[in-house]
Amino acid sequence: MPSINEIGEELKSVVSGKTLDALLPPLVFVITNGFLGLDTAAIVALSLAAGLGIIRLISGQNWFYALGGLLGVALASGLAVLTRSAASYFIPAILSSALLLLLALASLIAGKPLAAWASHITRGWPLEWFWRSDIKPAYREVTLFWSAFFAMRLMIQYLLYRGGDAAALAWANTLLGWPVIIIVLIITYIYGIWRLRSLNGPGVEEFKERKEPPWQGQTRGF
């Protein structure tokens, strides 16, 4: 069972301060729309996103996150203004959930689980290790769990969008965003480490060093 400190360190490497970029603009948009109208809400949300981006650039953070956050808010705000519906602000979030679900399902069908690709990209571990028969089941099962989460989020978002309730959409996206994603990541990590150990495969370093069994297995990181 991973320790609390270990889980905290793993989450910190994933979450960091970028969560504010995703959480604040939608909430500010909806609140401003309720008091000052759609056009003003779009301007305020864009200004906030631009401000957060400038802060990130000044503090020396990756410009990709600053630009990505601004473009995302610009697209969402543009859709809301063009359709004259505040609920349209959340169309990109709905499409994102749909795309993630499709990617997860496609990766399972292809036999190359999305969770393995995500770990490979973030950690740089060799792909050959992920595809071993005594490693891949853990990542396949986690990807199934992710697929269930993406499907649930997409269904809730779509139903609220059909109802045209922008405020409910904002709170749903906020709660089903980083707050729930953090829980999903904690479950992923705890289950993933346990499952890797139960499969009795080699740890990443043991695989790289071509050690022969019996292996200690993966003790840190998933």
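Each value in this text was obtained by applying a stated rule to the coordinates, not by laboratory testing. If you're wondering where the values come from, they're calculated on a predicted model, not measured in any experiment. As a convention, Cβ positions derive from the backbone with ideal geometry for all residues, glycine included, and neighbour counts pool all protein chains shown.
Overview of results
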| quantity | calculated |
| --- | --- |
| Ranked Trp146, Trp178, criterion: other C-beta atoms within 10 Å, fewest first | Trp178, Trp146 |
| Proximal aspartates and glutamates relative to Lys211, as straight alpha-carbon distance under 20 Å, when same-chain residues fewer than 8 apart are discounted | Glu128, Asp134 |
| Net charge, Ile187 excluded, C-beta distance under 13 Å - Lys, Arg +1, Asp, Glu -1 | -1 |
| Helix axis angle, 38-58 relative to the chain longest principal axis, alpha carbon, degrees | 50 |
| Residue (of Gly8, Phe64, Trp131) at the positive-pole extreme of the chain, dipole from beta-carbon charges | Trp131 |
| Only Lys, Arg (+1) and Asp, Glu (-1) charged, at Cβ; the stretch 68-222 dipole about Cα centre in debye | 60 |
| Footprinting exposure proxy for Phe145, Phe222 (fewest neighbouring C-beta atoms within 10 Å first) | Phe145, Phe222 |
| Amide H contacts of Ile135 (H built 1.01 Å from N, under 5 Å, at least 5 apart or other chain) | none |
| The stretch 4-208, relative contact order in percent, only Cα pairs under 8 angstrom and at least six apart counted | 21 |
| Per-residue [θ]222 nm for the chain (sum of -39500 (n - 2.57) over DSSP H runs n ≥ 4, rounded to 500) | -25000 deg cm²/dmol |
| For the stretch 97-192, with +1 on Lys and Arg beta carbons and -1 on Asp and Glu, the positive-most of Ser97, Met152, Ala116 along the dipole | Ala116 |
| Low-density loop positions, chymotrypsin sites (Phe, Trp or Tyr not before Pro), the stretch 32-102 - DSSP coil, at most 15 other Cβ in 10 Å | none |
| GNM top mover of Ala76, Ala110, Ala86 - the chain, alpha-carbon springs below 10 Å | Ala110 |
| All-pairs alpha carbon distance profile, the stretch 4-208, 5 Å steps from 0, percent | 1, 7, 13, 16, 17, 15, 12, 9, 6, 3, 1, 0, 0 |
| Between helix 91-110 and the chain: long-axis angle, C-alpha atoms, 0 to 90°, nearest 10 | 20 |
| Pairwise centroid distance, computed over Cα atoms, of the stretch 161-199 with the stretch 91-158, Å | 13 |
| Residue-count net charge about Gly78 - beta-carbon cut-off 15 Å; Lys, Arg +1, Asp, Glu -1 | 0 |
